[in-house]
Structures are given as C-alpha cells and as structure tokens.
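Everything below concerns the one structure shown next.
The values are calculated or read from the model by the stated rules, or taken from the named source; none is laboratory data. Predicted model, so just to flag it, every value in this text is computed and none were measured. Note: ideal-geometry Cβ built from the backbone for every residue, glycine included; neighbour counts use all protein chains shown.
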Amino acid sequence: MAEEGILKIENLNKSFDGLKAVKDFNLILKEGELCGLIGPNGAGKTTVFNLITGFYKPDSGKIIFQNKDITNLLPHQIVHLGISRTFQNIRLFNNLTVLENILFAFNYQINYSTTESILRIGNFKKVEKEVKEKCYQFLKLFDLEKKVNILAKNLPYGEMRKLEIARALALNPKLLLLDEPSCGMTIGETSLLMDLIKFIKEKFKLTIFIIEHQMRVIMNLCERIVVMDFGEIIAEGKPEEIQNNPKVIAAYLGREYALH
Amino acid sequence: MINLYIIQIFSYACCITISALGLNLIYGYTGLFSLGHAAFMGIGAYLSALLTKSFSHYGYFIYIGAIISSVIFTFLISYLIAIPILKLKSDYLGIATLGFGIIVKVLLDNSDKVFSQMGGSRGMLGIPNFTNLPIVLFSLILIILIMRNLIYSKFGRNLIAIREDENAAYAMGINVYKQRLLAFALGCSFAGFSGALYAHLYCFLHPSNFDFLRSIDLMLIIVLGGLGSMSGTIIASFLWVFILEGLRIILPQAILDWRLVIYPLLLILLMLLRPQGIFGNKEILWLKKEY
Amino acid sequence: MNYFFQQLLNGFQLGSVYALISLGYTMIYGIIRLINFAHGDIFMLGAYFGFYAITRLKFNFLLAIIFSMVLCMIINVIIEKVAYAPLRKKNVPRINLLITAIGVSFFLENFTSLKIIFGPDYQPYPRPFKIITFDFLGLTISSIQIIVFLITLVLLLILDYLIKRTKIGLAMRAVSYDKETALLMGINVDNIISLTFALGAALAGAGGVLYGICYPQIHPYMGIMPGLKAFVAAVLGGIGIISGAVLGSYIIGMVEVFTAAFISSTFRDAIAFAILIIVLLTRPQGLFGKEEGIKL
C-alpha cells in the first residue's frame with residue numbers, strides 16, 4: 001500500500017550518442033504530493049520530464065502512471081491519460097492570443113464529429129459556446145480575463161509563465177510537471193508564483209513534480225526533494241535533510257554554484 | 001465571343017482557387033511544405049476524364065460519379081503517400097513532394113502504354129465538356145464553405161497549433177501525425193476535385209499541365225495571397241489568372257514574351273516589399289471569425 | 001560486358017557535370033539554408049557564355065571556360081546582393097527567400113529566351129578541339145570524356161584545397177556551422193556568403209560549358225532538369241556536405257545512364273527522383289549526413 005504511487009519510474013535509462021543522460025532512475029510519486037527535482041545544470045532533469053511525457057523514448061526501464069504502463073506512449077496519448085507539463089523556455093503559441101492559447105488546450109476534450117463541424121449541426125454550436133465560456137472562467141481564475149485578446153508574445157514575462165501553467169491545467173491533468181517555472185523571474189514574481197502553485201494544488205487536487213533552481217521555491221513548496229547529478233539520483237528526502245546532505249552540497253559547490 | 005472567353009477564364013480561375021485553397025490548408029494552416037500539389041490535380045483530372053470517356057453513354061451521371069471518384073481517389077492516394085513522407089522535416093518534405101510530382105508527370109507521359117486513351121505525352125483529347133460556370137462557381141463556394149467551417153472549429157485549431165509549435169501541440173494532446181495526414185489528404189482531395197472540374201472545362205489534358213512548375217505556381221499564389229488566409233488565396237488566385245491572361249491580351253505581339261520576364265520581376269519585388277502577402281493572415285467579410 | 005563499361009564511362013561523365021552543379025547547391029544550402037532554385041539557370045548561363053566565347057570571341061576552350069566561370073560568378077554575386085541579401089536582412093521566413101529564388105530562376109530562363117538575347121531555340125554547341133577516340137581494353141574513350149574528367153578533377157581539387165587549407169575556407173565552414181558565432185568571431189558573414197555564391201556559380205558555369213561540349217545542344221530551359229537532379233544528388237549525399245554532393249552526383253549520373261541504357265530512356269528522369277524518395281524515406285540526412293535531434 002505504501003509503495004503505491006500515482007507515478008512509478010523503474011530503472012529508467014537514456015543515452016544520447018553514448019552520453020548517459022539518465023542512469024538507473026527510480027522514483028515513486030505519491031498522489032497529491034508536491035515533489036521537487038533539483039540538480040546542477042545538465043544533470044538530466046528535463047530529460048526525465050521528456051521521458052515521462054513521451055517526447056523521448058527511454059533506452060530501458062518503465063514508467064507507470066496510475067497502474068498503466070506509459071513507457072512507450074506518444075506525447076499526446078500521455079496527455080489524454082492525465083499528465084501535462086510546462087517547458088523550460090515557455091512554449092506558448094506566441095502569435096496567438098491569450099484566449100486562443102487556452103482554447104486550443106481545451107480542444108482535445110471537445111467531441112463533436114467532423115461532419116457536425118462542417119455542417120454546423122448537432123452539438124457543434126452548443127459545445128463551442130460552452131468551451132469559450134469555460135475559457136473565460138478559467139482565465140478569470142488566473143486574473144488573465146482582461147487580457148484575452150492580447151497576443152501571447154506581448155504579455156509581460158511573468159504572465160507568460162502564468163499563461164503556460166494555466167494552459168497546462170486546462171488539459172485537466174492529475175499530474176502536473178513544471179519545468180523551471182521561476183526561471184527569469186524577479187523576487188516578487190517568484191513569490192506570486194509560489195502562491196499560484198499552492199493555490200492550484202489545492203483547487204485542482206493535483207500531484208505536482210517541479211524542476212527548480214531557486215532554492216527558496218523548492219524549500220518552501222516541496223514536501224519531498226529528489227536531487228540529480230550526472231544523470232543519477234544522489235539524494236532524496238525532506239527539504240531539511242537535503243539541505244544538509246554532504247553529497248548534495250558537493251554536487252553544487254563542486255561546480256561553484258551558490259545556494260540561495 | 002469575348003464573353004465566352006472571359007467566362008472560360010473565370011471558370012479556370014475558380015478551378016485554380018479550389019486547388020490553391022487545398023494547398024493553403026496544407027501549407028498555410030498546417031505548415032506542411034508541399035511542392036507536388038499540381039500532381040494531385042493531374043491525378044484527379046486524368047482519372048475523371050478516363051471515367052467519363054469510358055462510360056460516356058451515362059452522360060451527366062458519369063460526370064458526377066467521376067468527380068466523386070476523383071476526390072475519393074486523390075484523398076486515399078495522398079493519405080498513403082503521406083504516411084511515410086510526413087515523417088520528414090519541412091525542407092525534406094518539400095523535396096520529397098517535388099520528386100513525387102515529377103514521378104507522376106513521367107507516369108502520365110507514359111500513360112498511353114497502359115491506357116491508350118490517356119494519350120501519354122501526346123495529351124488526352126475528346127473529354128466531354130460538362131463543366132460550366134454554374135457548376136464551377138457552386139463547387140468553389142462549396143469548398144470555401146467547407147474550409148471555413150473546418151478552420152473555425154476543433155480541427156482548424158489543431159492544425160494551427162501544429163503549425164505554430166509542433167511540440168507544444170503534442171503537449172496539448174493533439175495527435176500531430178494523424179492530424180497532419182488528414183490535413184494533407186484533405187488538401188490534396190481539393191486538388192483532385194479541381195483537376196476533375198478542369199478536365200471537363202478545357203476538354204484536353206496534357207501531363208505538362210500538372211508538372212512541378214504548376215505546383216510552384218500554386219505555391220506562389222498562396223504566398224502572394226497570404227499564408228493562412230482564405231481571402232488572400234481566393235483573391236490572389238483570381239488576380240494571378242487574370243493578370244497573366246490579361247498581359248497576354250494587352251501586350252503587343254512583339255513584346256509578348258516580356259510578360260514572362262515581368263512576372264518574375266514583380267514576384268521578386270513583392271517578396272521584398274510585402275513578404276507576408278496581400279492579406280497576411282487576415283480574413284475579410286464573412287470569412288472572418290474568431291477561432 | 002563492354003557495353004557495361006562503356007556506360008560506366010558515360011555515367012562518370014554525366015556525374016562529373018552534375019557534381020559541378022551540385023556543389024553550388026550544397027554549399028549555398030549549407031550556408032543559408034536556401035534551396036537555390038536559380039542555380040540550374042546559372043549552369044545554363046555558363047553554357048551560353050562558353051558558346052559566345054568560342055563562337056564570337058574565338059576564345060580557345062580553356063579560356064572560354066574561365067570566361068564563363070568569371071561571368072557566372074559576377075552575375076550570381078549581383079543576384080545575391082540585389083535579391084537575397086535584402087530579404088535576409090529583414091529576417092523574413094524562409095519561404096519568401098525560396099520564392100525569390102524561384103522568381104530569379106524564371107527571370108533568367110525567360111529573359112534568356114527573349115529573341116533579342118539568346119532566343120528560345122536549341123543552339124548547337126561548337127567543339128573547339130579535335131575529338132580523338134582511343135581504344136583501351138576494348139572500350140572507346142573519347143577525348144571529350146578525358147577532358148571532362150580532368151577539368152572536373154582539377155576544379156574539385158582546387159575547391160577542396162580552398163575549403164580545407166585556407167583561412168577563407170575555414171571562415172566558410174564556420175559560417176555554415178553557426179552564423180551568429182562566426183559573426184562574433186569577426187568573420188564578415190555577408191562577404192563569405194557572397195563568396196559562396198561566387199564559388200558555386202564558377203563551378204556551375206564550368207559545368208555548363210562542359211555539358212555543352214558533351215551533349216551539344218543548349219537552350220534557355222536546359223538548366224531545369226540537370227539542376228533538379230544535381231539537387232537530388234546533393235540531398236543523396238547529405239545536403240550541405242561537399243563530399244556528399246560529389247558522391248551523390250556520380251551515383252545519380254551512373255544510375256541515370258544505366259537506366260537509360262538497360263531499362264528505358266523514358267524513365268531516366270524519373271529514376272533520379274525515385275532514388276530521392278527512397279533516400280528521404282530511409283535515410284533523409286543523406287549518405288554522409290548526421291541525424292538531427294529535437295531540442296526541447
């Protein structure tokens with residue numbers, strides 16, 4: 001019972017051209033927890049995310065989500081099963097508006113047929129109206145409803161991040177992967193971000209797995225932290241344990257990286 | 001006489017517009033760089049002509065049947081071709097479709113060895129003249145309607161998402177590969193449709209009507225009109241047909257050949273001065289809507 | 001058996017001409033990711049300049065080739081500065097550059113076929129040297145073939161030396177790897193790009209003259225097919241890779257000649273593109289190319 005988790009990663013391995021990016025990665029995420037993934041640059045954190053979400057295929061190992069083997073599924077199939085993510089370098093649809101970005105995320109949950117959309121019969125009009133309503137409501141939750149017609153690329157940076165997170169949530173996930181959400185943010189923006197993450201965890205009842213560099217964020221938000229270096233997990237535990245773990249300190253200081 | 005001539009040119013422009021809209025669906029909306037679009041027109045044209053000539057005693061009914069068959073056949077064949085080809089990256093996709101177009105032309109050139117009716121490089125004659133203005137106008141409006149309704153729905157959004165950022169599209173639950181296949185096949189079926197109409201308009205087919213230069217013409221039209229704009233494609237198609245024809249009439253015989261020199265110069269100028277095309281990605285009138 | 005080896009020689013001859021065209025495609029793609037549709041027409045111009053040099057200016061053969069190469073270089077650099085460079089500066093999407101290249105191609109073809117320029121008819125090509133045939137091991141080798149091989153070899157060696165052993169060649173390679181960094185290293189990227197266009201044109205121009213000598217009929221649209229096939233050859237070898245372009249060209253040349261000789265000459269055009277499709281489906285990066293991964 002204790003070993004049951006929403007996400008189970010077993011012996012995951014991935015190499016690129018002979019370089020081992022992820023090595024013997026094992027992890028169990030418990031449902032509803034907020035887990036952090038940290039490590040120096042190049043440790044393999046985003047690669048783990050890419051493996052979980054199906055953008056890369058592992059060389060060996062298994063990924064099991066809610067008791068389903070998702071190891072070899074394609075990215076869109078994994079989304080349908082309930083995992084969504086954000087990207088390190090924000091992949092919004094820059095030339096589309098805020099509303100459109102969210103609308104497109106709600107797309108896969110729409111289920112009228114092609115014929116219905118061409119002929120504009122049946123459920124079409126009703127569903128379209130409902131979806132647009134849902135978008136507005138959703139954006140309201142994130143204080144973006146006044147910016148619906150602004151192009152995504154014209155938003156201030158902090159709001160772009162917010163929109164990307166909102167978009168990931170529009171996919172109705174049970175597990176949310178956040179890849180360095182505070183990247184490029186000011187102290188003030190980061191505080192707002194932390195509040196946002198706490199809020200969405202409550203509101204949407206999510207499990208959250210978050211890659212971060214800012215220690216402040218990690219230490220304050222996460223119940224559990226996993227530390228990677230050179231593709232392997234070198235430590236795992238509660239924030240206080242990790243802070244004083246000599247291996248972790250060596251990994252960071254060894255690369256002259258300052259802890260916040 | 002003049003009126004009939006203008007009507008024929010107008011009908012031709014409608015055919016080209018239908019084909020160009022298909023290419024805009026493929027490239028403007030989905031971002032797939034296809035340089036073999038005219039080949040699918042050719043497939044539709046020759047297939048429909050073969051059917052109407054072989055079963056000419058069925059009169060009008062075989063014409064309808066031929067058109068439907070052309071549409072279905074080009075849809076299927078382009079879907080099959082796309083399965084392996086759409087795994088390629090953009091530039092390579094263009095090259096592959098270009099190659100496909102050339103292979104189709106060579107096959108058409110040698111078609112008389114299989115079906116002597118198809119005439120090979122001598123051309124195919126004697127196709128019954130079923131296409132007239134009302135039919136071609138109706139077809140164009142039908143296609144515009146279908147395309148508009150598709151674009152402003154779940155499917156159009158999927159395509160645009162794929163065009164904007166393929167990885168983000170995957171991350172949003174879109175089956176990118178399958179949607180691309182469908183978009184490609186649908187766009188090519190528009191071309192097949194247009195080819196079938198064209199065959200019964202001019203009643204004569206030649207493989208060179210569908211070679212890669214024609215594919216390039218279609219690409220030019222949609223870029224000039226504005227990628228991702230239906231209004232742009234429609235207007236650019238008509239402008240292109242009428243200006244080229246118009247130049248042919250206006251220019252005195254002595255400098256007639258200069259129109260083929262002026263046309264590319266204008267093209268280059270337009271690329272320099274207004275690269276997004278006439279409409280960019282905007283729409284006008286009833287074609288304008290929110291996603 | 002003799003027939004087979006004879007065709008081998010013919011294939012080698014054709015491959016040599018394709019190689020000279022193909023190098024221009026591959027270098028330009030390597031440096032600015034443009035499929036230069038107009039390149040085949042530079043080849044055509046080269047043939048015409050050679051024709052003019054031999055028949056009107058009464059140049060000898062080698063001088064005609066050099067004349068043609070120089071003129072082609074100048075024209076291509078002018079085209080680059082007038083049509084492509086302004087677009088590159090404006091940062092337009094690549095499709096626009098491609099369309100401009102298509103426009104240039106159409107312009108060159110149609111302008112050349114105007115009656116006051118070269119005219120649309122086929123021109124027979126002069127052969128300003130004696131054609132001697134040798135009998136060697138039962139094969140007939142003509143001096144034309146030897147000249148084509150030799151000139152191609154010399155040009156390839158010069159290009160190789162330029163690229164691998166000079167500072168300019170180093171700059172060219174740097175720009176094709178990473179333009180921004182090359183710029184930061186103090187390389188005048190614009191000049192390097194112009195130089196690449198010039199080199200490609202010179203080779204294509206020489207190829208044009210050689211083509212005229214071998215297959216002695218030229219016309220304004222002669223560049224389309226060889227241009228396309230040379231491009232296929234570049235893709236086959238790995239687009240952007242010089243050795244790939246050369247190898248690909250010889251393969252395409254051979255396959256085309258053998259198809260015409262042993263299967264049917266109607267399919268000689270299609271076979272190059274069939275090869276293309278097979279390559280793209282099985283190994284799209286080409287024989288010498290490296291697979292590109294996605295960066296997420």
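Below, the figures for the structure above:
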| read-out | value |
| --- | --- |
| Which listed residue, of A:E180, A:E130, A:E116, is in the same structural domain as A:R85 (by the TED database) and among the acidic types (D, E) | A:E180 |
| Some residue of the stretch C:41-48 being surrounded by fewer than 22 Cβ atoms within 10 Å (Cβ to Cβ) and part of a helix (DSSP H, G or I) | no |
| Unique residue being outside the structural domain of A:K62 (by the TED database), within 15 Å of A:R167 (Cβ to Cβ) and either of a type in the set (K, R) or in contact (Cβ under 8 Å) with a residue 12 or more places away in the chain (or both) when the list is A:F138, A:F124 | A:F138 |
| Only listed residue being in contact with a Phe, Trp or Tyr (Cβ under 8 Å, 6 or more places away or on another chain), within 14 Å of chain C (Cβ to nearest Cβ), buried (at least 24 other Cβ atoms within 10 Å of the Cβ) and of a type in the set (G, A, S), chosen from B:A39, B:A45 | B:A39 |
| So C:V255, is it within 11 Å of chain B (Cβ to nearest Cβ) and of a type outside the set (K, R) | no |
| Selection count, the stretch B:1-26, where residues are in a helix (DSSP H, G or I) and without any contact (Cβ under 8 Å) to a residue 24 or more places away in the chain | 5 |
| Total residues in the stretch A:51-97, condition of a type outside the set (V, I, T), in a loop (DSSP other than H, G, I, E, B) and at the interface with another protein chain (Cβ under 10 Å from one of its Cβ atoms) | 13 |
| Residue among C:A85, C:A53 that alone is touching a Phe, Trp or Tyr at 6+ places or on another chain (Cβ under 7 Å) and more than 25 Å from C:I251 (Cβ to Cβ) | C:A53 |
| Members of the stretch A:176-196 found to be of a type outside the set (S, T, Y) and within 16 Å of A:I90 (Cβ to Cβ), listed by number | A:L176, A:L177, A:L178, A:D179, A:E180, A:P181, A:C183, A:G184, A:M185, A:E189, A:L193, A:L196 |
| Given (1) within 14 Å of chain B (Cβ to nearest Cβ); (2) farther than 30 Å from C:T112 by Cα, number of the condition C:G186 does not satisfy | (1) |
| Sole residue being part of a loop (DSSP other than H, G, I, E, B) and either at pLDDT below 95 or touching a Gly at 6+ places or on another chain (Cβ under 9 Å) (or both), chosen from C:F51, C:F5, C:F12, C:F37 | C:F37 |
| Those residues of the stretch B:250-284 which are among the basic types (K, R) and either at pLDDT 85 or above or out of contact with any helix residue (DSSP H, G or I) (no Cβ under 7 Å at 6 or more places or on another chain) (or both), in sequence order | B:R274, B:K282 |
| Test: A:K198 is closer than 23 Å to A:F138 by Cα, part of a helix (DSSP H, G or I), touching a residue at least 40 places away in the same chain (Cβ under 8 Å) and out of contact with any Cys (no Cβ under 8 Å at 6 or more places or on another chain) | no |
| Unmet requirement for A:P58, which otherwise passes all of (1) crowded, with 19+ Cβ neighbours inside 10 Å; (2) within 17 Å of A:R224 (Cβ to Cβ) | (2) |
| Condition broken by B:R259, with the remaining ones in (1) under 29 Å from B:G99 (Cβ atoms); (2) within 12 Å of chain C (Cβ to nearest Cβ); (3) of a type in the set (D, E, K, R) satisfied | (1) |
| Some residue of the stretch A:136-148 being touching an Asp or Glu at 6+ places or on another chain (Cβ under 9 Å), hydroxyl-bearing (S, T, Y) and away from chain B (no Cβ under 14 Å) | no |
| Filter result for C:A245 (within 30 Å of B:K87 (Cα to Cα), assigned to a helix (DSSP H, G or I), of a type outside the set (S, T, N, Q) and within 14 Å of chain B (Cβ to nearest Cβ)) | no |
| Test: C:A261 is in a helix (DSSP H, G or I) and either crowded, with 22+ Cβ neighbours inside 10 Å or in contact (Cβ under 8 Å) with a residue 40 or more places away in the chain (or both) | yes |
| Residue that is modelled with the highest pLDDT, among those in the stretch A:101-122 that are within 12 Å of B:S153 (Cα to Cα) and among the polar types (S, T, N, Q) | A:N107 |
| Number of positions in the stretch B:152-163 that are facing chain A (nearest Cβ under 7 Å) and in contact (Cβ under 8 Å) with a residue 12 or more places away in the chain | 4 |
| Helices (runs of 4 or more DSSP H) wholly inside the stretch C:54-151 containing at least 1 residues that are farther than 30 Å from B:I221 by Cβ, among the small types (G, A, S) and more than 9 Å from chain B (Cβ to nearest Cβ) | C:61-79 |
| Neighbours by Cβ (under 6 Å, 6+ apart or cross-chain): first from the stretch A:37-54, touching a residue at least 24 places away in the same chain (Cβ under 8 Å) and not assigned by the TED database to the domain that holds A:L221; second surrounded by 24 or more Cβ atoms within 10 Å (Cβ to Cβ) and not hydrophobic (A, V, I, L, M, F, W, C) | none |
| Qualifying positions in the stretch B:54-88 - within 14 Å of another protein chain (Cβ to nearest Cβ) and either over 30 Å from B:I162 (Cβ atoms) or part of a helix (DSSP H, G or I) (or both) | B:F75, B:L80, B:I81, B:A82, B:I83, B:P84, B:I85 |
| Only listed residue being free of Cβ contacts under 8 Å to residues at least 40 places away in the same chain and within 23 Å of C:R88 (Cβ to Cβ), chosen from B:L256, B:L272 | B:L272 |
| First in the stretch C:273-287 and at positive phi, second anywhere and among the small types (G, A, S), Cβ under 7 Å, 6 or more apart | C:G286/C:G237; C:G286/C:G238; C:G286/C:G244 |
| Some residue of the stretch C:85-99 being under 17 Å from the mean Cα position of the chain (by Cα) and either closer than 29 Å to B:S90 by Cβ or in contact (Cβ under 8 Å) with a residue 12 or more places away in the chain (or both) | no |
| Set B:I127, B:I85, B:I144: member being touching a residue at least 40 places away in the same chain (Cβ under 8 Å), within 29 Å of A:S117 (Cβ to Cβ) and β-branched (V, I, T) | B:I144 |
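Results for (1) surrounded by fewer than 16 Cβ atoms within 10 Å (Cβ to Cβ); (2) in a strand (DSSP E or B); (3) touching a residue at least 40 places away in the same chain (Cβ under 8 Å); (4) not assigned by the TED database to the domain that holds A:I9, shown as yes or no for each residue.
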| residue | (1), (2), (3), (4) |
| --- | --- |
| A:D143 | yes, no, no, yes |
| A:G158 | no, no, no, no |
| A:G184 | yes, no, no, no |
| A:H213 | no, no, yes, no |
